[in-house]
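S.K.: Before we start, here is the structure in question, set down as structure tokens.
The values are calculated or read from the model by the stated rules, or taken from the named source; none is laboratory data. The structure displayed is predicted, hence computed values, not measured ones. Backbone-built Cβ (ideal geometry, glycine too); neighbour counts: all protein chains shown. Ligands, DNA and RNA are stripped out before the accessible areas are found, and what is left, the full protein with its side chains, is counted by its heavy atoms. Shrake-Rupley method; radii C 1.70, N 1.55, O 1.52, S 1.80 Å.
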Amino acid sequence: LDYTIELETLPEIKVKPLNTIKATEYNVEIEKNIVDKRISEIAKSQQNFDDKKENEKSEKGDMIIFDYKGKIDGKDFEGNEGKNVQLILGRDLFIKGFDDQLLGIKRNANKIVTVNLPPNFPKKELVNKKTNFDCKIINIKKPIDTKINDDFAKKMGAKNLLDLKSLVKNQISKEYKRSLDSITKKYILEQLEKSHSLDIPPNLLEQETKVISQGQKKEDVEKN
């Protein structure tokens with residue numbers, strides 16, 4: 001029996017002297033206004049609300065707390081009730097068009113909101129069905145600015161405002177440093193690539209291509 005075996009071997013890598021490789025290490029200094037801006041953004045994301053007066057009407061940005069009961073052609077359906085639902089007007093996150101119909105109302109009012117059920121409604125047979133929601137307004141709250149002080153800092157897990165600024169400054173510094181380090185790494189790899197010539201086995205390339213293209217459609221893999 002005569003037979004021939006073909007096999008691929010990994011290339012031998014002869015590492016060349018690294019003293020010609022150049023790299024830049026960055027030191028990042030974060031200015032005060034950048035820290036203040038980030039803390040201001042955090043404060044905005046921690047939005048607080050305060051009760052509106054009974055005679056005040058709802059506006060965009062207000063939080064409405066309400067109970068509702070929906071009916072289609074006068075009949076109840078599964079999932080048609082909600083209690084103490086919180087909705088911030090203007091974001092349109094509940095059912096499209098629902099928010100706008102709750103503008104200009106007062107606490108303890110009743111309002112019939114008419115909308116079509118959304119495409120993601122659990123009961124598919126009810127999708128796009130015209131629905132009347134009888135809403136009882138329990139409370140209306142207006143947004144209030146979060147005060148940036150020691151109390152706010154403590155809620156964020158810091159000792160005080162000075163400590164929070166220090167923590168945020170370090171966080172921003174690390175973010176910039178990671179980005180700059182990745183640039184440095186890329187530059188080093190490019191220099192290494194230029195200084196070394198390797199014959200890559202075709203089988204290794206094929207394996208790597210399969211890993212990269214995992215989950216893609218067959219036609220997309222062939223196209224790319």
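S.K.: Among the residues of the range 27-43, what is the count of those that are open to solvent by less than 70 Å² (accessible area, probe 1.4 Å) and either of a type in the set (A, V, I, L, M) or farther than 30 Å from LYS155 by Cβ (or both)?
M.R.: Of the residues in that region, 7 qualify.
S.K.: Determine which single condition ASP92 fails, assuming it passes every other condition in (1) of a type in the set (D, E, K, R); (2) more than 28 Å from LYS155 (Cα to Cα); (3) over 23 Å from the mean Cα position of the chain (by Cα).
M.R.: (3)
This table checks each residue for (1) under 12 Å from ARG107 (Cα atoms); (2) under 23 Å from the mean Cα position of the chain (by Cα); (3) surrounded by 11 or more Cβ atoms within 10 Å (Cβ to Cβ); (4) not small (Gly, Ala, Ser).
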{"site": "SER45", "(1), (2), (3), (4)": "no, yes, no, no"}
{"site": "LYS52", "(1), (2), (3), (4)": "yes, no, yes, yes"}
{"site": "GLU59", "(1), (2), (3), (4)": "no, no, yes, yes"}
{"site": "GLY79", "(1), (2), (3), (4)": "no, no, yes, no"}
{"site": "ASN84", "(1), (2), (3), (4)": "no, no, no, yes"}
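S.K.: Under 6 Å by Cβ, and 6 or more places apart or on different chains, what pairs join a residue from the range 1-30 that is within 28 Å of SER182 (Cα to Cα) with one that is part of a loop (DSSP other than H, G, I, E, B) and at pLDDT below 90?
M.R.: PRO11/LEU198; PRO11/ASP199
S.K.: Wholly within the range 105-224, which helices (runs of 4 or more DSSP H) include no fewer than the required count, namely at least 2 residues that are surrounded by 11 or more Cβ atoms within 10 Å (Cβ to Cβ)?
M.R.: 150-155, 161-195, 202-212
S.K.: Are any residues in the range 72-111 in contact (Cβ under 8 Å) with a residue 24 or more places away in the chain, touching a helix residue (DSSP H, G or I) at 6+ places or on another chain (Cβ under 9 Å) and among the hydrophobic types (A, V, I, L, M, F, W, C), and if so, which ones?
M.R.: ILE72, PHE77, LEU87, ILE88, LEU89
S.K.: Of all residues in the range 93-104, which are open to solvent by 60 Å² or more (accessible area, probe 1.4 Å) and acidic (Asp, Glu)?
M.R.: Hit for the range 93-104 is ASP100, nothing else.
Residue by residue, here is whether (1) out of contact with any His (no Cβ under 6 Å at 6 or more places or on another chain); (2) surrounded by fewer than 13 Cβ atoms within 10 Å (Cβ to Cβ); (3) within 20 Å of PRO122 (Cα to Cα); (4) acidic (Asp, Glu) holds:
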| residue | (1), (2), (3), (4) |
| --- | --- |
| ASP62 | yes, no, no, yes |
| ILE65 | yes, no, no, no |
| TYR68 | yes, no, yes, no |
| GLY90 | yes, no, no, no |
